[in-house]
Structure formats: C-alpha cells, structure tokens
1. What pairs come up if the first residue lies in region 612-641 and is in a helix (DSSP H, G or I), the second is of a type in the set (Phe, Trp, Tyr) and surrounded by 10 or more Cβ atoms within 10 Å (Cβ to Cβ), and their beta carbons are under 8 Å apart, counting only those six or more places apart or on different chains?
2. Which pairs do you get when a residue that is touching a residue at least 24 places away in the same chain (Cβ under 8 Å), found in region 198-210, comes within reach of a residue that is open to solvent by less than 20 Å² (accessible area, probe 1.4 Å) and of a type in the set (D, E, K, R), reach meaning Cβ atoms under 7 angstrom, with the pair 6+ apart or on two chains?
3. So which helices (runs of 4 or more DSSP H) stay within region 460-574 end to end and still have 1 or more residues that are of a type in the set (Ser, Thr, Tyr), modelled with pLDDT of 80 or more and open to solvent by 50 Å² or more (accessible area, probe 1.4 Å)?
4. How many residues does region 313-322 hold that are in contact with a Lys or Arg (Cβ under 9 Å, 6 or more places away or on another chain) and open to solvent by 50 Å² or more (accessible area, probe 1.4 Å)?
5. So if I check each of Lys139, Lys106, which one is part of a strand (DSSP E or B) and closer than 17 Å to Phe484 by Cα?
6. Looking at Met624, Met594, Met633 in this structure, which one is more than 30 Å from Ile534 (Cα to Cα) and under 60 Å from the mean Cα position of the chain (by Cα)?
7. Of the numbered conditions (1) farther than 30 Å from Arg209 by Cα; (2) aromatic (Phe, Trp, Tyr); (3) surrounded by fewer than 19 Cβ atoms within 10 Å (Cβ to Cβ), Trp68 fails exactly one; give the number of that condition.
8. Quick one: count up the residues across region 575-595 that are over 30 Å from Phe83 (Cα atoms) and open to solvent by 100 Å² or more (accessible area, probe 1.4 Å).
Amino acid sequence: MEPDSREYVGRLKKSVLNDIQRANNFYTSKVEPVLRKRHQIYEADREYYKKRFAVTAKQSDFVSFDFWSVVQWAIPLIMNSFFGSDEAVVIVGRNEEDVPRAEVLKALINFQLMTQNKGFLLLWDWFSDAFQYNLGAIKIWWERIEDWQDEQLEYVGMDRLMMIEQDQWCKIEYVEGPDFFGMYNVAYRVGRLKSNKPVIEPIRVTDLRWSPEARNLDEANFVAHRQTVTADHLRRQARQGIYDAEAVERAIENSDGSSIVYNSFDRELNDEIDQLPNDEDTARSLFELYECYVKLDINGDGLLEDALISVVGDELIRVTENPFGRVPIFTISPVRDPFKVMADVSLNEIVGEVQTIKTALMRQLLINTANVNNIRWFINPNGVDLKDLDEGRQYVKTKANDPKLTVMPFPQASLAPWTMNLFEYLEGALEQWTGRTRYNQGTDSSSLNKTATGISLLQQASAQRIDYIIRVFAETGVGEALRFLVELNQRYIDQPQVVRLQNTMLQISPDDLKGEFDIDVNTEIGVGKRQQTIQNLQLYLGTLAPAGMQIGAVTPGEWAKAAQKLLREMGIRDPQSYVLDPELVKQQFFMQLMQQQMLQAQEAAKQGEQRQRDNQRQDAQLRMQQEDHAMNMIERARQNANG
C-alpha cells in the first residue's frame, strides 16, 4: 500500500482530511454537549445547577451526589467479578490438546495485563468512563523495541565469521581480510529484544472520533484516536521507521510552534491545559496527532482496504496497511444502543433526573430551615433605638408603649407535610432504576426486610441489574479485548517468555501458544450468585458430604474439591495452601482403602488358618478320644470273656 504518484497521495490526503473534519464536526455538535452534561451530573457541578436553579442558588449551593455514589457503588462490584476467584471471561482450548495450552496462555495474558500494563487501575478507569459517559474505551497495540549496539572483533577465523553472519541478531557492517594467517577484522551490530509485549492504554472519550453514521466502531469507515504529542515523540518514531521522517519535519516546520487547538470541554476538564511551555526548546512543542483507522479504496479496484494513517496538521506521516485487520479500540457501555456508538439514554440521565430534583428540594428545605432558625423582623425605625439593636444589647429602648407595634416577625411558611414522602419516593425510584438498595431498609419496611429471606430477596433483586452490566461488559469490550490479546500473542511472540505466576517462574515458548482457543463468558458470575454459591457449598460441606461419606457416595476427594472452591469463592486465591489437592486426597483415600482391604484380607487369612488349625486339633483330639473309647471297649470285652 505504498503511494506511487502525487495523484494517489492527493486523493488519499483529501479523503482522510475530509473524514477528520466530518468526525470533528459531529463530535463538536452532537457528542461533546452530551459528554459535558454527563460530566457535570457526575461531579454534581455547582455551576451547572446554578444555571438550572438561579433563584435558590443565591441562598444555597447544595448539590446531591446521587450519580457519583451509584458509580462508586457499582465499580467495586464489577471489579470483583473480573478480578475475583472466578473470572467473568475465560480462555478455553477448542481441542483436547489445546486445554493445557489454554492455561499457559491464560497465565501469560494475566501477567501482561496485571504486571506489564497495571491492569487493575486500567480497568478501573475503563469502567469508570463507561459509567460516567456511557462509553469507555481502551486501545491495544503491540510494542516491539530492539536495542542494537556496535561491536568490533579482530583476528576472527572463518568459522566465527560464519557464525556471526548466520546469527539473526547480528548485522555485519564491514569485513577486512583475510590476512596472511586467514584471519578477519569485522565490525557488526548486535541486537537484543528489549520489549515485546502488548500495550493497553485508556482512551479518553473526548479523544475518540468516528464517522457519524457508524453503529459501532468495527463497522465504521473512519475511527480516529486524537492524541497530543511532542515534536520529540514524532522524531523518535520517525527514527524507528514508524513515521515518514520528511513528512514529520514538514509538519513541524509548517506548524510554527505548537499546533494544539483545545475545545471548550477540554478546558473544562483541565483549566490549566492552555498553559503551554514558554521556552525555546522546540522539541517540547505540542502537536495534534490523529491515528486513523479507515476503510478506503486504495488501489481503485472498487474494494475497501483497511488502512492505518497518521496525520499531523495537513501531513500524512504514516500510510500503511492496518496490521490488525480491525480497529484495535474496544468500548463498553452499561446501556447499549444497537444503532449508535454512544446511546442517547444512559444511567447518567436516569439518575440525573432524581439528583436534580433532590438538589432542588434540599436547597428549598435548607433555605426554609435557615429562615425558621434565623427569623427576620419588621422594625419601625422611629419607634426603637437602632443602635441598641445593631450592637446586640440586652436592653433595647423603645418609644412605643407596646413593643409589638414597633417590631413584628416576618411571616414564614412551614414545610409542606408531603416533602419527606417525596424524598422517600425518590429514593425508591432510584433503587428501582439502578439496583442499589438500602439493605437495612427496603422500600417496604413492614414486610421483606424483617426476615432473613426478605433481606436475601432484596439483595438478589438489587444484584440483577449489576449482574446484567457485568454480562454486557464481558460479552462486548472485555471479551473482545481478550480475544484480540490471544491473536496478538500468537502472532508476535517469537521467543520464550518468562512470567511470574503466584511466586512461580513460568517459561512460555511460542509452541505453547499454538492451537485454537475460544473466549467463554462465565454465566455463573455475578454479585448475588457468588453469595448463593458460598451458601450452597457450606451446606454441602457441612451436611450432604458427611452423610454421603457414610454410605460411600462421597469420597474425601470430592470434599476437598468443594472446600477449595469455597475458599476461592470467598476470595482466597491460593486454596491449596489450606486444603490439599483433591486428586491427591482421592489417591490417598483409595490407597488407604486398599491397604485396609489388604489388612482385612490378611487378617481374614490368618483367622482362616487359625480356624483350620483349631479344626485339625479338634479332629485329632476327637480321633484320640474315639481310639481310647475303642480300646476301652475292647478291654471290657476281654475282661468279660475271661470272667
């Protein structure tokens, strides 16, 4: 996809710049106002509510943080689902020989995510943006950095020279020789792989651009990541061969300094963003870089090709085929719209309505309470000594015989009796819409929350909403990102990798990553389901397993397996430290059973031999008795015959 003519470059530049302008216009007119409002509601911006309630704002600036509290309640539950004992998304081998490789790949990706990319903070920001703006985004790309050093050797034999020439990490610069003894002088460069890993970076929604007609980023003809970079960054990337060096220099020269134009929402997010460095170091100059993933008919064959084009100003500093074959940006939304990238309705708008009403009511309530506690008075200045009043003296002189004719309290309306009922209604609506309930006090305080069963029902009902969001995240952005990481590792890992897994060093070779793998969503994951699983396992271990052991239906191996699963559900990541391996327990059980059977058989054999000896002894005694009896009979017969 190399440009071969000025006409080609001109047509390509025109298409891309038009796409950027069109996407920026769509962002400014449609997307940015929605993001601004959602951000103001999330932070309960006082200036926002000052415009909404101009009259009460003069006396109170109270704001309600309902949406912020909903987000802070939901994110820990979602994080626990993805980082807890059971993963919401898992890698499984498609064939039998791929099953052990799936475990190795899972360990590698876990190392890359958690250790090399600070996965916990990354996902926290990703989920936070998803709730705040109803659109969170991350970008995944592969970083490969090679470090090359110059080396020189003298008096090198032919064998060593051949070894250097055949080494892929050696590049010969020049060779001198051979001399009289057949030796060479060689200068070469020695390289090493400094970095070879996936990079996962969060993308601010304010820096994401897409074509207006797109239903999702995968189908969009144009998607761009807007970045703020320095001249130093552009030149370093050009030296590595990523950007066109001449185009980079033209972009820097044409800008006449920093070329950043911030929009109003950028300034609201950071009011110091316009404070550009005032120095003579041009390497620190800032530039607006658009990394564009476009579908264009590059070669005029009537078919769209996936291209990766980087733009600074009016210069195309990189034009290449998209190596990923897709947009490597992954988005999640708690409330999805199948027809738009960013839905018009979100939790922000839903909770924001309640937050706005509560803010208005609380301001009125505070103003009313303040007026009641700090009563205003009508005073006749001709009938009282104003100096005594101003100085707060205990005794105030009055000219009137009746002070009531001089001072009268300002009439104050009392609080409407249905005000607190309205607050309770709003809390109930908020719980129903978001799933965040008050566990110690349900919407019907006289029924459900009086019993353990009722509290359990309230918890299950509140967990349904958050479980749905977890499933949506797992099926969309998180699952797609994990599948993409599998593809990247299989494509770019060409040397053994050493990862640390639970204090164990694991070496992974490229052959370990071969195979076919699927990304499965764990349908049993969820906030309420985990608690229910813990209760069921406790019932099994305490009641069912012991009864099953008595009749031989359960072995200690099944008990150990259930005990380890219970510990994992409770958040213990190394259950093998507390319960032996179930297979080992089962083997030990059967070995003990076999030993018992052998001992019983030996004991039975010994008892049989003893019984046989006893029978033989009894038979011998009986024969002796019979012989004695016969001898006695013969003796008596002889005596009778003689007598």
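1. none
2. Glu201/Lys139; Ile203/Lys139; Thr206/Asp266; Arg209/Arg226
3. Qualifying helices (runs of 4 or more DSSP H): 479-492.
4. 2
5. Sole residue among the options that is part of a strand (DSSP E or B) and closer than 17 Å to Phe484 by Cα: Lys139.
6. Only one candidate qualifies: Met594.
7. Trp68 satisfies every listed condition except (1).
8. Qualifying residue count, region 575-595: 5.
The values are calculated or read from the model by the stated rules, or taken from the named source; none is laboratory data. Note that the coordinates shown come from a computational prediction; the quantities given were computed from them, not determined experimentally. As a convention, Cβ positions derive from the backbone with ideal geometry for all residues, glycine included, and neighbour counts pool all protein chains shown. Heads up: the accessible areas ignore ligands, DNA and RNA and are worked out on the full protein's heavy atoms, side chains in. Shrake-Rupley method; radii C 1.70, N 1.55, O 1.52, S 1.80 Å.
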